[in-house]
1. Using R₀ = 22 Å, calculate the FRET efficiency as 1/(1 + (r/R₀)^6) where r is the Cβ-Cβ separation of A:L7 and A:T201; round to 0.05.
2. Where does the charge balance sit around A:G15 when Lys and Arg score +1, Asp and Glu -1, over other residues with C-beta under 15 Å from its C-beta?
3. What's the Cα-based Rg to Rh of the range A:161-560, Rh via Kirkwood?
4. I'd like the Karplus ³J(HN,Hα) series for the range A:407-413: coefficients 6.51, -1.76, 1.60, θ = phi - 60°, whole numbers in Hz, and an x wherever there's a Gly or Pro.
5. Give me the distance in nm between label points sitting 7 Å out from Cα along the Cα-to-Cβ direction at C:S139 and B:I84, one decimal.
6. With label points built 7 Å along Cα→Cβ from the Cα atoms of A:T594 and B:D59, find their separation and express it in nm.
7. Find how many whole Å separate the alpha carbon centroid of the range A:368-426 from the alpha carbon centroid of the range A:491-552.
8. Sorting A:I463, A:I383 on the 10 Å Cβ count, fewest up front, what's the list?
Amino acid sequence: MIHLVWLVPFLPLLGFLINGLGRNFLPKSLTGVIGSGTVLAAFVISLLIFPEVRQPGFAPQVISLFDFISVGSLHIPFAFQVDQLSALFLLIITGVGSLIHIYSTSYMHEESSESFARYFAYLNLFVFSMLILVLGANYVMMFIGWEGVGLCSYLLIGFWFKNINYNKAANKAFIMNRIGDLGFLLGIFLLIQQFGSVTFTEVFAKVPAMGEGSGILFAIAMLLFIGAMGKSAQIPLYTWLPDAMAGPTPVSALIHAATMVTAGIYMVARSNVIYSLAPHIQAIVAIVGLVTALLAASIALKQNDIKKVLAYSTVSQLGYMFLALGVGAYTAAVFHVMTHAFFKALLFLGSGSVIHAMGGEQDIRKMGGLKKWMPVTNITFLIGCLAIAGIPGLSGFFSKDEILAHTWGYNKIMYALALIGALMTAFYMFRLYYITFSGKFRGTHEQEHHLHESPVAITLPLIILAILSVIGGYVGMPEVFGTPHLLAEYLAPIFAPSAPYLHAHHLSHELEWGLMGLSTGLVIVMIFIARGKFSKYEDTGAENTGFAKVLENKWYVDELYDAIIVKPLMVLSRFFQDVVERAGIDGLVNGVGTGVKWSSRQIRLLQNGQVGFYIFAMVIGMIVLFVISLFL
Amino acid sequence: MPVQYYIFLSIALFCIGIMGVLMRRNAIIIFMCIELMLNAVNLLLVAFSKMWVDAGRIDAAAAQLFVFFVMVVAAAEVSVGLAIIVMMYRNTHSVDINILSRLKN
Amino acid sequence: MGIDLIIFTVLSAVAIASALGVILSKNPVNSVLCMITCFVAIAGHYIMLNAQFLFVVHLIVYTGAIMVLFLFVLMMMNLNADIEPQKRNWLKYAGAISGGALLLVLVAALRDASVPAIQSGNATDIGLIKNLGKTLFTSYVVPFELSSVLFLSAMVGAVVIGKK
């Protein structure tokens with residue numbers, strides 16, 4: 001089956017081409033079927049590939065399609081690499097992707113058939129790019145996919161392009177990503193300069209020879225991490241992700257929660273050898289991840305837009321993943337990517353269902369008591385909240401606990417901070433849940449009249465994702481339970497090269513039980529506090545004051561960026577526009593024109609038609625020539 | 001007697017001719033100044049001819065033949081040039097060359 | 001100072017003075033007369049340089065034919081009065097200065113030229129019609145024929161222009 005792996009990305013590409021080119025002719029039902037069907041078929045192929053990859057002793061296979069770039073001694077093939085990591089990501093992307101496609105057929109049904117087809121074309125293109133990203137056998141292929149998903153993200157955030165604010169959000173996402181991409185690109189150049197290759201297998205084979213603490217490796221690791229910062233919304237490049245919620249909700253679920261934003265984690269996990277050999281950069285990764293996790297969680301505490309809460313939650317969870325990468329727990333990071341894909345997609349799709357029922361309303365202060373009307377959404381949303389909060393038995397518990405345990409081994413203070421973040425996560429998720437689903441309805445009568453459970457195309461993906469959110473964690477149970485950590489065994493070949501450089505911390509079983517008990521107990525306390533505070537929530541309309549106001553305004557980070565980057569840049573641009581452009585460049589260009597015009601008007605006067613003057617000029621010329629030839 | 005004397009004489013006559021061309025506006029005078037310049041050159045040619053004869057060259061007669069040809073061309077030029085001036089005078093009743101500024105425009 | 005140098009100096013002075021007279025006199029007829037004087041002085045130089053045939057031709061063609069033609073045209077146009085309008089002064093000075101500058105440049109350049117001297121007492125027969133004719137009709141017969149064609153065309157041209 002593995003030789004058919006090229007079908008996985010090219011089926012969505014086919015869907016993109018059909019839907020994109022035929023958007024004016026195809027009926028909605030057909031575009032929906034094509035869009036979802038291609039991704040579903042890709043999922044089936046991925047499922048068929050997976051058992052082969054799971055075999056013990058499976059060696060990574062590189063399927064080379066053609067030579068993409070061949071310059072001098074540098075050869076960059078257009079090749080796919082199938083190994084444990086990429087096969088896992090294939091499953092996540094195509095699986096969650098196909099569920100979200102099915103969901104979208106219902107969610108986007110009110111769009112005109114042209115924009116409906118456009119939506120599915122973009123979505124298919126996104127899936128294609130994301131698959132290229134994870135399947136690529138070298139950094140250049142990864143970069144192609146990286147840019148492709150960035151483009152699709154831009155197109156889908158600005159999907160309703162008639163709204164100027166959405167376009168601004170799309171621009172913001174694109175530009176912020178561009179900053180990160182520059183780092184990634186420079187990292188690739190440095191790799192080429194250093195190793196003469198960008199193919200994973202070749203680079204990783206040569207990296208250990210550089211030795212631990214090599215300056216070049218530090219630079220490469222840092223540049224690649226800057227790329228990851230942009231794509232995975234880490235400080236300081238995270239502000240685009242909350243704004244990206246301008247796109248349709250399924251897009252937020254697929255791109256800005258489950259798949260694209262985890263590309264940075266994928267890249268760091270893929271380059272684990274490089275990072276393991278650059279411990280200082282690893283520490284930076286961990287710190288950036290932790291700070292992002294805390295900052296985003298604190299902002300989420302006071303947000304009132306249902307999607308914004310989830311967006312900041314996503315940023316926070318991505319921070320946890322980077323924390324895991326930073327402390328060397330690569331398996332835990334990938335594990336959290338997987339579980340997060342399940343429950344965050346679930347939460348986003350659930351919020352989409354709510355927004356759908358509320359007729360586009362996103363402010364949770366105007367909701368409340370929705371469990372009466374939307375039982376399925378209520379239950380699945382609750383499962384998602386429990387999973388993300390880390391209640392034992394659900395997937396989020398296992399992955400988050402693994403990260404926390406590794407952090408304890410790495411640094412106790414970081415563990416404490418990460419635990420505080422996890423508690424904040426529990427608090428804001430249940431604040432969101434209680435305000436939205438319990439209490440009494442606070443919207444208008446008209447909205448109340450229209451409240452209804454969503455159709456099956458919406459609830460079915462919710463149910464499937466809820467089931468996955470529950471059971472997804474059992475592939476990675478901690479060893480204290482006495483069961484094998486299936487995921488760690490599965491991924492072991494990927495992270496084996498970096499194992500010698502990591503300083504593993506084996507926690508005693510008592511300590512691990514203790515940590516688990518501590519976090520679980522505190523999380524449950526937080527949930528009850530949230531329940532006590534918000535289950536009977538009334539919208540008093542009172543303004544937040546003090547610290548709460550700072551949180552509501554997202555720590556004023558946007559304003560800060562505006563003040564220190566955007567405004568000076570604007571002033572500089574205006575200076576360039578008004579002074580350099582107008583006076584300098586325009587002046588130069590126009591000056592040449594007027595200069596020629598003026599001087600030709602002067603020179604024209606020499607042609608005065610008087611023979612005497614001509615002879616005079618001739619004699620002057622003769623004198624000059626004589627002087628030159630006789631004396632010089 | 002150094003041949004430089006003749007060279008300086010020729011240069012003097014030639015420059016006087018040029019000054020005349022530059023300073024006068026009467027077409028006939030300008031014409032005469034051109035003749036003067038031609039004669040300065042003729043004088044120089046003859047002087048060099050004599051110089052080479054004295055130096056023992058036997059083919060120095062060619063220089064005098066050039067003078068002869070210059071005279072031929074000058075005579076032809078004068079006949080045509082004076083005809084043009086006469087015609088111009090017939091049309092404009094003037095021999096001022098500044099009137100002939102038709103080159104302008 | 002030999003007799004030849006005295007004659008040279010006198011002839012040169014006459015030539016330059018009459019040349020200046022050509023360009024400085026206000027009356028065109030005076031200019032023509034000065035021109036004739038100048039040509040006669042130059043003809044004297046030819047004699048001094050053993051160019052007897054050229055001396056004769058010069059007197060006949062230039063002084064006799066061409067200058068008479070000038071005089072004839074001047075008189076036909078009745079230009080003996082000073083009708084020439086004054087040129088703008090700066091152009092006059094510019095002409096004088098540039099001509100003088102050319103003189104200076106040439107003299108300065110040729111002052112130190114080392115060329116053989118002329119031996120005045122050495123009378124040669126190279127300027128006699130016999131020698132010139134021999135050269136003309138052997139080496140230079142084609143230019144000679146071409147000059148006859150030139151004359152013919154000049155004659156035709158003068159007639160055509162004059163008839164209009």
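1. Efficiency, from the Cβ-Cβ distance: 0.45.
2. Counting the neighbours of A:G15, the net charge comes to +3.
3. Rg/Rh: 0.98.
4. Karplus-based 3J(HN,Hα) across the range A:407-413 equals 5, 4, x, 7, 6, 5, 5 Hz.
5. That separation, rounded to one decimal, is 3.3 nm.
6. Calculated label separation equals 6.5 nm.
7. After rounding, the separation between the Cα centres reads 6 Å.
8. Least to most surrounded, the residues fall as A:I463, A:I383.
Only the coordinates and a few stated rules stand behind these numbers; no lab work does. In this text the structure is predicted, and so the values were computed from the model without any measurement. Note that each Cβ is placed from the backbone with ideal geometry, even for glycine, and that neighbours are counted across all protein chains shown.
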